[in-house]
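Heads up: the structure comes next, in structure tokens.
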Amino acid sequence: MDNFQTFFTENLPVLAHPELLPLRQSPPPWAFPEHAQQNALSTGQQACHYCGLGDSLQADLRVSPTQGCEKLQMSRKQSILPFGMHLQPSILDITGQRVSLSYSAALERLALLLLDHRPAQAQTLIYTSGQVDYFALFAMHEVFRLLGVRSIASNAEHGYWSGALYQEFLTGQARPFIQYDQAVNGPNRLFLLSGWNGLVSHPPLFEALMQQEPDLYLIEVMVTETAKKIMSELGPERVLFIRPGSDSLLALCLAHEILTHYPQAIDHAFVKHFADAASFENYLAFARQERFHPEQIVPLIASEYAHREKLLRAVRHLASHLASPDTVPVHIPSLGLSQTAGIVPHCLWANLLACLGKFGLNPEGELLGGVLQVPGQSNEESVIQMLSSTHFPGRIPFDQAGAEDAARRVNLPPDVYDRALACNPRSALDFSEPQPRRELFLFFGTRFERMMMNSTRWQRKLLDPLVQFVVIDPFPDAFSLKHAALVIPTAPPSAAFRLSQSGEWRLNLSWPRHQSPAQMRSDVTLIYDTITMVMRLLQRDTALGLRHPDLSRLMQSGYLQNRFAPPEMGGRLMRQEGEVNRAQLWDRIQAYWTGQTGQNTLFCRPENKEGKLVSWLELLEQGSLIHGGVGSTLYRLDPQNADLPFASVKGERRRFEFFLPQEHEIQPSSGIVLITGRSHLSEQEVDLRWRQDAFNSCKTSPTAHRPQETLAHISLGLAERLDLKPYDRVWLTNRDTRESLVVKVIPSKRVNGENIYLSIHPTWEDEQKQRSLNQLTSHLGRCQYTGQTALKLTRVTIEKLESEN
């Protein structure tokens, strides 16, 4: 323990920063096949575990948006973190104090909790952060579904969810089809950025974009850091300010302008060869309505009167530009677009590009146009593929037929998921719903008590006497330490071997630089060790086996032992240095994607340029590769090819289906709207750097330069109307939930219309008062297609408080 330079918090051993861990002297043996030549493989790469757009520490490799992300450098600062890294599991004793215990003892307690919370008498629900890697995601399905867990959710449901799933409604598969380099580099590009604050969220990609002297328009609701940069370098006419939630109307307005003045631009060949004709005609009839004329729409959606003329000019210019056969449009939506109206604006922008024949590649593989998917976290594409309460991995529907299919893929009997099927599916936002039975929550990650919309309701749920929860993370926060039945720290990113999948389906390997403490394992190993402990308990306690006959049958068949136990226990899943072997796991996951007969291959099976399955050695040798034909063979619009370019998750060919919105889905916002995001609205460079550093890392955000006070920035017009001065204190109240927050306001010219802005990053004031912005957001008002909440359209009231003097 002395080697770790520990300090103690509540009698628990804690490390100030993972950078203080001893460095590894050699690559981990569990990353390789049993007889691989390790010295021939690429083992030096350290992938960025934030947005996934950086995958190398070497500055001389900054040749593309996917190389050399500066956030990785920031994430390695050796500063003291707000929450130290715990080195051993801990539990609450009978006095309410936390005490340490060994890894094996923690496994036994976790296994007993899981067995005690199986349906139908109880239920287990799982919520994970976006930092959990590819292997751990599959392990969650493989292990927890056997135990009857149906609802496995992630924080992607609040962010990237609709921005990925919208394609499933249009083309049959939720997948990207453009590479980052391909989007940025090439002639005649027209970039349409929908609320994307790339300067803060994805600096490498934004930097590469701006180096092209791009033809670019940013659609925004306020003057973000990216908006300021674009206005400064490209001109103020390049930023279009609209009201929150009016992106769908803007897309329909552009479609109307093109249909009216440039009907020749409609690509009827695309419809004939690749699209569903009836949905196309319905979309045209809808978009042609006179109410979508620019003269009608612009006054509705412009954030302020002063912005109308510029917006009207831009609509007409963009319509002309999009109608040109040479233009290659690239739409880059933000996470906020999903957080505003779910899939609806995504689908309507895609409709627009598709009717122009600019949603895919030409027969030679050159980009015609499309949507560039830029997730907020490094592994969100894997989350889309594997985690859902309504789908098995590979987006197989969670119904009887789907359960039997998923079972066959791992050589299990068809009824093995019956317990999980009997449970009602619950999205993350439904976890807070009152239930009459006992519930166990497993959290992979911390700050979960603040991350859920309507966090006050969520925290009440977590403190319900019928609820217990377990936190699996090396950086447990104060709420976790005070209330969690069990805390199990897992290896921090710098000591973990991780496989992630970015928004261009780039598989990135990240190698550990540090040794992991003795009482720590990775997430994926913890999951497989848990089911191994379940086996031991069933073997040891006959009565326990009788209470779980389905698991006992799997024990008697030898399946559990062969599948999960290490060789020393008669199983086949190797452990080296305590970690499960990743080469074995890779082959296991690919067998699931492929299916037993090879005739039911799922869309997300990693295939190389030759269409062959990517081998583990191939991935080890390259360290980073794009799979699935993204940017090369996928979505080639070739009329001479008999096969349609679009397909279902199991490969059945289908046509592009144009989306038709319902009336209530395209209505603009009304009243005062709370906007949230990653901007600080500060003019200080140090504040921008902190925002970049803190991106997707709230629990490990550096303490230096963290803002002291929580300040709500309010538009000048709204401040004048409400007679608000700088630093006045106000009640902000959600009009739906009636939850409130007291903050100080700053009138700002960077906020428009009837809007007020709060940053999502916690300040020191938030930490001291144990409060969260999500006290104001709502778990209601969701997208009917994906269940994602419209948290960027939070309607609030503002009440001025009397001066404390």
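What the table below lists for this structure:
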{"item": "Test: residue in region 565-578 that is under 20 Å from Pro413 (Cα atoms) and acidic (Asp, Glu)", "result": "no"}
{"item": "Residue that is surrounded by the fewest Cβ atoms within 10 Å (Cβ to Cβ), among those in region 570-579 that are out of contact with any Lys or Arg (no Cβ under 9 Å at 6 or more places or on another chain) and touching a residue at least 60 places away in the same chain (Cβ under 8 Å)", "result": "Glu577"}
{"item": "Candidate set: region 601-657, residues that are open to solvent by 50 Å² or more (accessible area, probe 1.4 Å) and in contact with a His (Cβ under 7 Å, 6 or more places away or on another chain); chosen: the one farthest from Asp405 (Cα to Cα)", "result": "Pro639"}
{"item": "Region 548-559, subset without any contact (Cβ under 8 Å) to a residue 40 or more places away in the chain and in a helix (DSSP H, G or I), residue nearest to Val580 (Cα to Cα)", "result": "Met555"}
{"item": "Qualifying positions in region 777-800 - assigned to a strand (DSSP E or B) and open to solvent by less than 10 Å² (accessible area, probe 1.4 Å)", "result": "Thr789, Thr794, Val796"}
{"item": "Looking only at region 114-136, and only at residues there that are among the hydrophobic types (A, V, I, L, M, F, W, C) and more than 18 Å from Leu526 (Cβ to Cβ), the one that is modelled with the highest pLDDT", "result": "Ala122"}
{"item": "Cβ pairs under 9 Å, 6+ apart, first in region 197-220 and at positive phi, second modelled with pLDDT of 90 or more", "result": "Glu213/Glu233; Glu213/Leu234"}
{"item": "Extreme residue, most open to solvent (accessible area, probe 1.4 Å), among residues of region 230-268 that are among the small types (Gly, Ala, Ser) and over 15 Å from Asn351 (Cα atoms)", "result": "Ser232"}
{"item": "Scan of region 505-540 for residues that are under 15 Å from Tyr134 (Cα atoms) and of a type outside the set (A, V, I, L, M), ordered by number", "result": "Trp505, Arg506, Asn508, Ser510, Trp511, Ser522, Asp523, Thr525, Tyr528"}
{"item": "Unmet requirement for Val223, which otherwise passes all of (1) over 25 Å from the mean Cα position of the chain (by Cα); (2) surrounded by fewer than 24 Cβ atoms within 10 Å (Cβ to Cβ)", "result": "(1)"}
{"item": "Breaking point among (1) of a type in the set (A, V, I, L, M); (2) under 29 Å from His202 (Cβ atoms); (3) buried (at least 23 other Cβ atoms within 10 Å of the Cβ), for Ala314", "result": "(3)"}
{"item": "Out of Leu538, Leu585, sole residue that is assigned to a helix (DSSP H, G or I), more than 35 Å from the chain's Cα centre (by Cα), surrounded by 17 or more Cβ atoms within 10 Å (Cβ to Cβ) and at pLDDT 95 or above", "result": "Leu538"}
{"item": "Any hit, region 755-776, residues being in a loop (DSSP other than H, G, I, E, B), among the charged types (D, E, K, R) and at pLDDT 90 or above", "result": "no"}
{"item": "Residue within region 276-291 that is of a type in the set (S, T, N, Q), within 21 Å of Leu368 (Cα to Cα), over 34 Å from the mean Cα position of the chain (by Cα) and open to solvent by 50 Å² or more (accessible area, probe 1.4 Å) present", "result": "no"}
{"item": "Members of region 654-680 that are touching a Ser or Thr at 6+ places or on another chain (Cβ under 6 Å), hydrophobic (A, V, I, L, M, F, W, C) and either part of a loop (DSSP other than H, G, I, E, B) or modelled with pLDDT under 90 (or both)", "result": "Phe658"}
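Per-residue answers, yes or no, for (1) part of a helix (DSSP H, G or I); (2) within 18 Å of the chain's Cα centre (by Cα):
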residue: Lys310; (1), (2): yes, no
residue: Val330; (1), (2): no, no
residue: Leu337; (1), (2): yes, yes
residue: Thr340; (1), (2): yes, yes
residue: His346; (1), (2): yes, yes
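Here is a yes/no grid of residues against (1) at pLDDT below 95; (2) of a type outside the set (D, E, K, R); (3) open to solvent by 10 Å² or more (accessible area, probe 1.4 Å); (4) farther than 30 Å from Ile589 by Cα:
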{"site": "Gln400", "(1), (2), (3), (4)": "no, yes, yes, no"}
{"site": "Asp415", "(1), (2), (3), (4)": "no, no, yes, no"}
{"site": "Leu429", "(1), (2), (3), (4)": "yes, yes, no, no"}
{"site": "Glu433", "(1), (2), (3), (4)": "yes, no, yes, yes"}
{"site": "Phe443", "(1), (2), (3), (4)": "no, yes, no, no"}
{"site": "Ile472", "(1), (2), (3), (4)": "no, yes, no, no"}
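The values are calculated or read from the model by the stated rules, or taken from the named source; none is laboratory data. Everything numeric in this text was worked out from a predicted model, so none of it was measured. Note that we place each Cβ from the backbone using ideal geometry, even for glycine, and neighbour counts take in every protein chain shown. The area values use the complete protein model at the heavy-atom level, side chains included, leaving out ligands, DNA and RNA. Shrake-Rupley method; radii C 1.70, N 1.55, O 1.52, S 1.80 Å.
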